[in-house]
Amino acid sequence: YRWEGGSKTAKALLYEIQNSPVDYLHVAAEHFGWEVECVYPDGSSLTRLAKDILGIPVIANGKMANLALSQKLLDTGQADLFAIGKEALSNPDFVYKVTNNAEITPFDSRQLYPNPSLFSDQKYREFLVAAADIHHGCVQD
C-alpha cells in the first residue's frame with residue numbers, strides 16, 4: 001500500500017471503491033505488518049481512511065497477533081476486526097491461549113510441509129516430538 005502519492009492515492013482508490021457494492025474491506029499487510037505497510041508519512045492509515053470514506057467494516061491484518069497493536073487499532077477506530085494468519089496456523093487454539101495468557105507458539109514455515117493442509121500442523125507437531133525424542137536420546141548417550 002506504498003503507492004506513489006501515499007495517502008492521496010489511497011483516498012483516490014477508496015473513492016473509486018465507494019462506487020461498488022462492497023460490504024467490508026480486508027486490508028492485508030502481508031509482508032512487514034500493518035504499521036509498516038498501512039501507515040502513511042502524514043500519520044493517516046489505509047484502514048482508517050477506508051473506514052472514513054467507505055463507511056463499512058474494515059478488517060486489518062499484518063502482525064495482528066501483537067495484542068497491543070490490535071487493541072490500539074480497535075480502540076482508535078482504525079479497524080473493526082483484525083485477522084491473524086501465521087499465528088493461527090501455529091496456534092489453532094489462539095483465542096484460548098490469549099484468553100488464558102498462555103504462550104503463543106511462534107510460526108515455523110515447516111508447518112506447511114509438504115503441502116499446506118488441515119493436517120500439516122499435526123504432521124509438524126509429530127515431527128517435533130520425534131525430533132525431540134531423537135535429540136533427547138542422543139544427549140543421554
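Within the range 1-18, the set of residues being open to solvent by 80 Å² or more (accessible area, probe 1.4 Å), modelled with pLDDT of 90 or more and either assigned to a loop (DSSP other than H, G, I, E, B) or within 25 Å of Q71 (Cβ to Cβ) (or both) comprises Q18 only. Here is the figure for the range 99-115: residues that are under 21 Å from F32 (Cα atoms), modelled with pLDDT of 85 or more and open to solvent by 80 Å² or more (accessible area, probe 1.4 Å) total 1.
Restricting attention to the range 58-89, the residues that are of a type outside the set (S, T, N, Q) and open to solvent by 60 Å² or more (accessible area, probe 1.4 Å) add up to 11.
Rundown of residues vs (1) assigned to a helix (DSSP H, G or I); (2) modelled with pLDDT of 85 or more, yes/no style:
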residue: P41; (1), (2): no, yes
residue: A50; (1), (2): yes, yes
residue: I53; (1), (2): yes, yes
residue: A60; (1), (2): no, yes
residue: M64; (1), (2): no, no
residue: L74; (1), (2): yes, yes
residue: Q78; (1), (2): no, yes
residue: K97; (1), (2): yes, yes
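Among the conditions (1) hydrophobic (A, V, I, L, M, F, W, C); (2) in a helix (DSSP H, G or I); (3) within 21 Å of the chain's Cα centre (by Cα), V27 misses just one, which is (2).
The values are calculated or read from the model by the stated rules, or taken from the named source; none is laboratory data. All values derive from a computational prediction rather than experimental measurement. Glycine also receives a Cβ, built like all others from the backbone with ideal geometry; neighbour counts cover every protein chain displayed. Ligands, DNA and RNA are excluded from the accessible area calculation, which covers all protein heavy atoms including side chains. Shrake-Rupley method; radii C 1.70, N 1.55, O 1.52, S 1.80 Å.
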